Amino acid sequence: MPDTSHAARGTCELENIAHIVLATDGIFVPTENPEDEGWDQFAALYLAGGLKRIQDFVREREESDPKCWRYPRFKVRDDIGAIAISF
């Protein structure tokens, strides 16, 4: 059985929710500070141009830092998978 002790659980009313994005870690925005998860920027990019805008931004950052020094990460690029639901 998988370890789910770190998983977030709960419910949330959908009132005031306009978008839900389900994504793999390949579309997470690379940041200079690994403690900054980049969610504000992720949301702003999504609102500005959807999943395509986030993908383009992430790929631009990855290509600008092929040695993973400026934006620390385990590898230069990861597969991207995402689904967005808008209400």
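Give the calculated FRET efficiency between residue 64 and residue 43 to the nearest 0.05, with a Förster radius of 22 Å applied to their Cβ-Cβ distance. The formula returns an efficiency of 0.50 here. Taking a ≥ b ≥ c as the square roots of the eigenvalues of the Cα gyration tensor of the chain, is the shape rounded (a/c under 1.5), prolate (a/b larger than b/c) or oblate? Oblate, because a/c is 1.5 or more while a/b does not exceed b/c. Tell me which of 42, 21, 82 sits at the most positive position along the dipole axis of region 19-86, charges placed on C-beta atoms (Lys, Arg +1; Asp, Glu -1). Farthest towards the positive end: 82. A straight chain from residue 15 to residue 82 at 0.36 nm per residue would run longer than the Cα-Cα distance by 21.8 nm.
Between the helical axis of 39-64 and the longest alpha-carbon principal axis of the chain there is an angle of about 20 degrees.
Quick note: the coordinates plus some simple rules give every number you see, no bench work behind them. Please read all numbers here as calculations on a predicted model, not as lab measurements. Glycine also receives a Cβ, built like all others from the backbone with ideal geometry; neighbour counts cover every protein chain displayed.
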